[in-house]
Each structure stands twice: as structure tokens, then as C-alpha cells.
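Following: one structure in C-alpha cells, then a few remarks.
The values are calculated or read from the model by the stated rules, or taken from the named source; none is laboratory data. A quick note: this is a predicted structure, and the numbers were derived from the prediction, not measured. So basically every Cβ, Gly included, is an ideal-geometry build from the backbone, and we count neighbours across all protein chains shown. Calculation scope for accessible area: heavy atoms of the full protein, side chains included, ligands and nucleic acids excluded. Shrake-Rupley method; radii C 1.70, N 1.55, O 1.52, S 1.80 Å.
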Amino acid sequence: PIPLARAGDATLELICRTEIPGYDPWATALPGQRFDVGLARRAISFFHDMLVFVEGERAGEPFDLEPWQAAIVGNLFGWVDATTGHRRYREGFVFVARKNGKTAICAGIALYLLLCDGEPGAQVYSAAAEQSQAALIFRCAMQMIARQPDLIARTRVYRAFKSIEVPETGSIFRALTADAQTKHGLSVHGAVIDELHAHPTRDLVDVL
């Protein structure tokens, strides 16, 4: 099958409109908000062109997004305000069953925010109720980098500190502990919060 990253504009638009159950982004768009299929394709193509699966039967193969995954990525990064250029969506809530590649897509989104979002000094974080859970996304991102020479050349990975740095832009991706009280000084460009239902309070979510 043709990867969704290589699908036509009309196909990508249709996927982004129909593959999120019970939600039509076009029907809820406000005046001035528009879907830029080029921006959506750029994010979706990042997965196929720069990332690979790191676990399971498809380990080492290009990360071709499933339609529902492409709809999440495409809508998050494809919708903008026509006047300001700012994103329509500042938050996304992804609710899926186990074994649906949640960790991998979260790692991919974090890497896109880190490497391709045009934000100098971007601070990107993964967080969870337990540090070990937050580290799962970091570990997946680290393994994705290790399998792609272009990403190895652009980044510095510090396993002990659970962080990935981009010297060229001064950007950083780091796995956080669950203590919200120590996070108030962060300047967050993007955050991936895993296992939201397991957080005892919403303090960490609110801080990020």
C-alpha cells in the first residue's frame, strides 16, 4: 500500500476529517481557521521519512502512520489561524486501548516538536504519574534516533539524564519526574503527558 505520507491532498484531508470518531474538525472550525494540507503532510511525512518502528515485527521499517494516527498528527499540525498563523489546536487528548502504538506516536510527536517546529531553544517534555512511565517515551525517542543517521548527526543523547539536545538550535527534550512543584520555571514548547488517568491530581498537567 502507498504510505499516507505519499497520498494525495484530497485523501489526506479526508483522513483528517473522518478518522477521529465522533469529531469533524471542519464542522467546528471558527471563521479564519483553515486546514493547511501542506503543514499536515509535513508532520505526517516526518514519521515516514525520518522515523522507524523500534519494537515488534516491523522494527526497523519506516513509521507509516495508520489512518487514525495520521488524523491526529495532521489535525494537530495542519490547522492554523489564517491571520496569525498560530495553531488552532494547543492540546490534544488521545484515548486508545493498549497495544495501539501510543508510546511510539507520542515519541514521534515529541521529536517533531524538538527538531522540525522552527522554535529555537524549544523545551519539550514527557511526563507521567511515575518517572519510569515518562522514561518510556524518552527511550522510544532515543531508539528512533539511534536508527537514523541524520538524527544522530543533529542530536546529543544523554541516557543518564534522560535528555536529548539539539546543539544547532539549543532545543532539548527531557523526561520529567512527577513532582509538579519543581516544574514552575519551565518554558514549555511541547509536552507529552502519558497515562493521564493515573495522575493522582492535575497539578503536573496544569503546570505544563
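Of the residues making up segment 64-95, those that are of a type outside the set (A, V, I, L, M), closer than 20 Å to Gly22 by Cβ and not in a loop (DSSP other than H, G, I, E, B) are Pro67, Trp68, Gln69, Gly74, Asn75, Gly78, Trp79.
Rundown of residues vs (1) open to solvent by 80 Å² or more (accessible area, probe 1.4 Å); (2) basic (Lys, Arg), yes/no style:
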{"position": "Arg90", "(1), (2)": "yes, yes"}
{"position": "Ala97", "(1), (2)": "no, no"}
{"position": "Leu111", "(1), (2)": "no, no"}
{"position": "Gln123", "(1), (2)": "no, no"}
{"position": "Ala128", "(1), (2)": "no, no"}
{"position": "Phe161", "(1), (2)": "yes, no"}
{"position": "Glu165", "(1), (2)": "no, no"}
{"position": "His189", "(1), (2)": "no, no"}
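The condition of being open to solvent by less than 60 Å² (accessible area, probe 1.4 Å), in contact (Cβ under 8 Å) with a residue 40 or more places away in the chain and in contact with a Ser or Thr (Cβ under 6 Å, 6 or more places away or on another chain) holds for Ala5. For Gln123, the conditions (1) polar (S, T, N, Q); (2) touching an Asp or Glu at 6+ places or on another chain (Cβ under 9 Å); (3) over 20 Å from Phe63 (Cα atoms); (4) touching a residue at least 60 places away in the same chain (Cβ under 8 Å) are fulfilled apart from (2). Residues of segment 43-62 being open to solvent by 60 Å² or more (accessible area, probe 1.4 Å) and in contact with a Cys (Cβ under 9 Å, 6 or more places away or on another chain), which ones? Once the filter is applied, which keeps residues that are open to solvent by 60 Å² or more (accessible area, probe 1.4 Å) and in contact with a Cys (Cβ under 9 Å, 6 or more places away or on another chain), segment 43-62 yields only Glu55. Residues that are closer than 20 Å to Ile105 by Cα and not β-branched (Val, Ile, Thr) occur at least once in segment 175-185. Kindly indicate which of Ala71, Ala7, Ala40, Ala82 is of a type in the set (Gly, Ala, Ser) and over 20 Å from Ile109 (Cβ atoms). Checking each option against the conditions leaves just Ala82. Residue pairs, Cβ under 6 Å, 6 or more apart or interchain, first in segment 39-57 and on the phi < 0 side of the Ramachandran plot and in contact (Cβ under 8 Å) with a residue 60 or more places away in the chain, second open to solvent by less than 50 Å² (accessible area, probe 1.4 Å) and among the β-branched types (Val, Ile, Thr). List them. Filtered contacts from segment 39-57: Ala43/Val73.
Taken over segment 65-109, the criterion of being modelled with pLDDT of 95 or more and over 28 Å from Ala29 (Cβ atoms) is satisfied by Ala107 alone.
In segment 161-176, the residues that are closer than 14 Å to Asp117 by Cβ and part of a loop (DSSP other than H, G, I, E, B) reach residues that are open to solvent by 70 Å² or more (accessible area, probe 1.4 Å) and at pLDDT below 95 with C-beta atoms within less than 8 angstrom, at least six apart or across chains, in these pairs: Thr169/Glu119; Thr169/Pro120; Gly170/Pro120. Total residues in segment 99-109 satisfying the condition of being surrounded by fewer than 16 Cβ atoms within 10 Å (Cβ to Cβ) and touching a helix residue (DSSP H, G or I) at 6+ places or on another chain (Cβ under 9 Å): the figure is 1. Of the residues making up segment 13-42, those that are in a helix (DSSP H, G or I), open to solvent by 60 Å² or more (accessible area, probe 1.4 Å) and among the aliphatic types (A, V, I, L, M) are Leu14, Leu39.
Every listed requirement among (1) open to solvent by 40 Å² or more (accessible area, probe 1.4 Å); (2) out of contact with any Lys or Arg (no Cβ under 7 Å at 6 or more places or on another chain) is met by Asp81 save one, (2). The condition (being at pLDDT 95 or above and surrounded by 15 or more Cβ atoms within 10 Å (Cβ to Cβ)) is satisfied by just one residue among Ala178, Ala141: Ala141.
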